[in-house]
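Below is one structure, written out as structure tokens, with a few remarks after it.
The values are calculated or read from the model by the stated rules, or taken from the named source; none is laboratory data. Here the structure is a predicted model, which means the values were calculated and not measured. For neighbour counting, all protein chains shown are included, and Cβ atoms are generated from backbone atoms with ideal geometry for every residue, glycine included.
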Amino acid sequence: MIPTFNRVSTPLVQDKQPLNDHLDDQKISIAKVFHDTSRASEVKKHSSLISKLKASKQGFKEESKQVVHDRSVSSKAETGRYDQIMQACSQTFGKWDSQMIQSGLRQHFLSYAASLLDANFERLAAMSDDMAKSVKCAEKPIRNELVTWLYAGGISSADETWSQQANKSHLENGLRNSVDGLPQAAKQSIVDRKKQREDDYKSLTHVANKLLDEFNLNSSEPIRTSDSKVLTSSSVSRMISDLISKHVNK
């Protein structure tokens with residue numbers, strides 16, 4: 001469907017508008033614009049293109065009511081599944097000892113940071129050979145600075161901490177059983193079942209971040225980073241963005 005746009009409020013043509021002195025003798029004739037043959041030709045070509053796009057299988061094509069309906073059903077199903085995952089994980093999370101959560105919080109967010117870094121490094125390295133070289137040189141400095149920031153300097157070796165802690169989140173793994181126990185859709189193919197599991201685990205990471213964000217933000221003694229900020233998934237994302245901008249030559 002061709003998108004429609006709300007009109008932008010503009011002055012009437014006849015309203016006097018301030019013009020630069022050197023433009024006074026170059027005022028546009030509205031009548032000339034509408035009747036100019038070259039301009040009319042452009043409009044005709046544009047209209048012809050729209051018609052061709054509408055007729056093309058690959059071009060402009062209005063979606064059927066069934067397609068719109070199916071997308072709506074899919075969206076509602078995804079929302080419902082996410083709510084199921086959130087409810088199941090919240091119940092499990094609520095049974096955990098606060099001390100256990102605090103002890104695993106930094107490791108969880110280091111694991112989350114590692115996944116974000118991997119995705120960013122891969123995306124940047126694919127841009128060009130020079131960018132790939134820049135990423136390669138920047139990987140270790142970024143990781144070391146990230147670990148030092150995240151653990152507020154309370155480590156003996158950034159390299160060692162990264163190698164031991166930047167694996168899958170222990171807390172997230174603890175919530176995974178809650179997700180695996182949720183009912184699957186009936187009569188799913190193996191491919192669909194695999195896709196459902198991948199989507200569930202993506203939602204699980206988001207849910208785990210949300211639960212830990214709320215836990216740390218509401219804590220009387222929240223865990224903080226080296227710059228004294230409360231550690232959350234958002235602060236991790238911002239730090240990674242800052243470090244990439246600092247170390248990678250774009």
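Points to keep in mind about this one:
- Of note, Lys168 satisfies the criterion of being among the basic types (Lys, Arg), part of a loop (DSSP other than H, G, I, E, B) and surrounded by fewer than 18 Cβ atoms within 10 Å (Cβ to Cβ).
- Among the candidates Ala185, Ala208, residue that is in a helix (DSSP H, G or I) and in contact with a helix residue (DSSP H, G or I) (Cβ under 8 Å, 6 or more places away or on another chain): Ala208
- Restricting the stretch 169-194 to residues that are at pLDDT 90 or above and under 24 Å from the mean Cα position of the chain (by Cα), the residue that is farthest from Ala113 (Cα to Cα) is Val179.
- Residues that are among the β-branched types (Val, Ile, Thr) and farther than 20 Å from Asp242 by Cα were ranked within the stretch 125-168; the one that is modelled with the highest pLDDT is Thr161.
- In the set (1) exposed (fewer than 12 other Cβ atoms within 10 Å of the Cβ); (2) polar (S, T, N, Q); (3) in contact (Cβ under 8 Å) with a residue 40 or more places away in the chain; (4) outside any helix (DSSP H, G or I), Asn177 fails one condition alone, (4).
- Only listed residue being surrounded by fewer than 17 Cβ atoms within 10 Å (Cβ to Cβ), over 20 Å from Leu204 (Cα atoms) and aliphatic (A, V, I, L, M), chosen from Ala158, Ala132, Ala119: Ala132
- Any hit, the stretch 199-221, residues being in contact with a Ser or Thr (Cβ under 6 Å, 6 or more places away or on another chain) and surrounded by 13 or more Cβ atoms within 10 Å (Cβ to Cβ): yes
- Note on the stretch 222-234: residues that are surrounded by fewer than 18 Cβ atoms within 10 Å (Cβ to Cβ) and either within 29 Å of Tyr82 (Cβ to Cβ) or not basic (Lys, Arg) (or both) total 7.
- Annotation note: Cβ proximity below 7 Å between a residue of the stretch 111-124 that is under 15 Å from Ala166 (Cβ atoms) and a residue that is polar (S, T, N, Q) and not in a helix (DSSP H, G or I) (sequence gap 6+ or interchain) occurs for Ser111/Asn167; Ser111/Ser169; Tyr112/Ser169.
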